[in-house]
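Shown next, in structure tokens, is the structure this report addresses.
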Amino acid sequence: MNFKELLKFMILIHGNHLVRILFIFLLLLAIANEIAIYNIGLITGDYYKIMNNKDRNGFFKQTMKSIGLIIGIALLKALKEYVGSYLYIEWRRHLTTNLHQKYLQNMLYYHANVINSNANDNVDQRITQDIDKMTNNLSYIVPEVIVSPFIIIFYGYKCYDLNGFVGPIGCLVFFLISTLINRFLILNVSKWVYKQEQCEGDFRAQHFHIRHKAEAIAFLNGDNIELTKSNSLLTTLINVQRRFITHQLILKVFVYLCDYFGSIMSFIALSVPLFAGAYDNLTPADLSQLISQNVFFTMYLINCFTRLIDLANYFSIFFGTANRIVDLYRWFGHHNESQLTIVSNDDAPNDKSSQIYMDCTDLCVNVPQSKPIKMIIQNLTLQLRKGQNLLITGPSGIGKSSLLRTWKQIWSNCGGHIDRKISLNDTTKVMFLPQKPLLTVGSIVEQITYPFDSEKSIDIPAIIEILQFLELDKSILERVNNDIVSDQRINWIDHLSVGEVQRLILARVLYHRPILLFMDESTSALPLEMEEKILRRFQQMQITMISCGHRDSLKAFHHIELNIESFDRFVLNKLN
Ligand SMILES: Nc1ncnc2c1ncn2[C@@H]1O[C@H](COP(=O)(O)OP(=O)(O)OP(=O)(O)O)[C@@H](O)[C@H]1O
């Protein structure tokens, strides 16, 4: 998506009637607002005339009319701002939902945050903050921009009518010159907006890191290093902010110059016909009214131009943040077309009769995007069979987890062939327990039913039985007063011991009952008796287990050991 397409998407939003209706409503309100302003602008002139003529009756009528207009404009202005804000929220919702759709599919979040983290700084910042700023700024810009052509034509004509070409042409020249200078200044500032948002993201990420790793940092006495890092990121951010406001200062000086210069333009324009004697035949009352109207028309025309110039600040923030969103869309588009097509191919037929779950021939794996290429597995030929539990062993960092990543298609294989007879994305049959466990903030039920919707019918007694079996009744059930359904707003990963976390993760397996289970050191923190009790239960449930681990105790529950000695040396041992 390029910049124009982003604008089109936001303003037209295919199929979103609400946005279109709001947009048209905003346009109508902006026009109505301008009509009210026009009428209010004539009030002073009319008062001059009425008071010069000492017209009591006219004064009463004029006052009633003015009060009506003032109430009308107050309502219209507030309503215009309300609709603008509503539109901003709608834009934000729509754009963010659209980006979520791309980001949280096909494991793009993994590619964006792990594999290609350098290509896109702070995706979270772009989605949570930049969209907000961009749409908010656009909601200020749009009402001004959409009515300005009408106002310029209308007041341009009125000015021409009263004092010839001088007024409108003078205003137009003034506007064109200022726009040219403005354009250059806006682009300059928007670059700094881009950088500032990037630094904001880095700074937030550091605080996110402290929040989530608080205990580890405390154990390691990492206070000083975290303080240094946080302050260093803050300094970078502040420096960028300083540069940003310095560039903004130049822009603001220019904008205010235009504003105030604009205020005398109306008198300059009026002076031409006035000194040429065009109004010599008017009575003082009519001349006061004419001057007042003329000043208002010219002033308003110039004001319309200066309002557009005043938008420079909003434009610079809008362009800076919009560029970050456009970059993200481009990156998503590129990645959806290229490497991620592999992921969507994994729709292996679920052949129930098959005794083979997966066939790997001459499989080669390297670390994605590694330069120079880091080969992890070369020419591995292996079958995963139903009922044949496989234990993958080998030194730390040799590639055990990477093999699971490749089978799951989080990483793509750089050579060889994987024939999946069962879809590894079928979460009702296949489960992966990654080495770094995933728990969410929420209820206990949500932890166990993940990734399924916890709203669906849940077998609560079964979950309680599982928690008791895993001896989690004291540490978890009591803590939540046996209420496993309510969201406790607890980030469980920080509130449980590592062994408890592992048991809670293993509860998922007991609940979902997959037929094929991949475990990456999933029992490493458990006492041997607990590990044995759980793995025995898995055996009884006839779950085929593919495990990575270092412990000898695992051998008793597996039939074959794949020992990865080096990237191209594998030994298969039969276990008793
Ligand atoms: N996202 C990544 N980017 C770059 N290199 C990575 C990435 N993930 C893993 N690696 C590297 O790939 C190699 C294999 O890692 P892997 O996690 O598969 O090891 P492992 O055998 O599971 O180790 P352990 O037993 O310590 O868990 C390691 O050298 C690791 O540094």
What's the extension gain from Ala214 to Lys386 if we count 0.36 nm per residue and subtract their Cα-Cα distance?
57.7 nm
For segment 113-120, 3J(HN,Hα) per residue [Karplus equation, 6.51 cos²θ - 1.76 cosθ + 1.60, θ = phi - 60°, Hz, x = Gly/Pro]
9, 10, 6, 10, 4, 6, 5, 10
Enter the accessible area of Ile515 (Å², nearest 10), with the probe set to 1.4 Å and all protein chains included.
60
Just how much of Lys49 is accessible, in Å², when a 1.4 Å probe is used and the result is rounded to the nearest 10?
70
Cβ-based charge dipole, segment 30-117, positive-most Cα from Ser117, Tyr47, Tyr82:
Tyr47
Looking at segment 425-495, which GluC sites (Glu not before Pro) are in a loop (DSSP not H, G, I, E or B) and have at most 14 other Cβ atoms within 10 Å?
Glu455, Glu471, Glu478
Out of Ser288, Leu380, Pro143, whose Cα points farthest toward the positive end of the dipole of the chain (charges: +1 Lys, Arg; -1 Asp, Glu; placed on Cβ)?
Ser288
Alpha carbon convex hull of the chain, projected area averaged over orientations, nm²
35.8
Just to verify a number: what accessible area does His512 come out at with the full protein assembly present, 1.4 Å probe, Å² rounded to tens?
30
Sort Asp130, Asp46, Asp124 by heavy-atom solvent-accessible area, probe 1.4 angstrom, most to least.
Asp124, Asp46, Asp130
Under the Karplus relation with 6.51, -1.76 and 1.60 and θ = phi - 60°, whole-Hz ³J(HN,Hα) for segment 171-180, x at Gly and Pro, equal 4, 5, 4, 4, 5, 4, 5, 5, 5, 4
For segment 362-373, Karplus couplings with θ = phi - 60° (6.51, -1.76, 1.60), whole Hz, Gly/Pro x
6, 5, 10, 9, 10, 5, x, 6, 6, 9, x, 4
Would you please name the trypsin sites (Lys or Arg not before Pro) within segment 401-459 that are DSSP coil residues with at most 16 other C-beta atoms within 10 Å of their C-beta?
Lys456
Test item: Cα-centred dipole of the chain, Lys/Arg +1 and Asp/Glu -1 on Cβ, debye:
700
Contour minus Cα-Cα distance for Tyr160 and Ala78 (0.36 nm per residue)
26.3 nm
Could you pull out every residue, at least 5 positions away or on a different chain, whose amide H is within less than 5 Å of the one on Gly387? Hs are placed 1.01 Å off N in the peptide plane, and Pro or chain starts have none.
Thr544
Percent antiparallel among DSSP beta bridges confined to the chain, rounded to 5, stands at 55
Might you report the magnitude of the Cβ-based charge dipole of segment 521-576 about its Cα centre, with Lys and Arg at +1 and Asp and Glu at -1, to the nearest 20 debye?
220
Go through Lys80, Lys65, Lys8 and list them by solvent-accessible area, largest first, probe radius 1.4 Å.
Lys8, Lys65, Lys80
Order the following by accessible area, largest value first: Leu27, Leu18, Leu496. Probe radius 1.4 Å; ligands, DNA and RNA are ignored.
Leu18, Leu27, Leu496
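The values are calculated or read from the model by the stated rules, or taken from the named source; none is laboratory data. Keep in mind that this is a model prediction, so the values were computed, not measured. Backbone-built Cβ (ideal geometry, glycine too); neighbour counts: all protein chains shown. Only protein heavy atoms, including side chains, enter the accessible area calculation; ligands, DNA and RNA are left aside. Shrake-Rupley method; radii C 1.70, N 1.55, O 1.52, S 1.80 Å.
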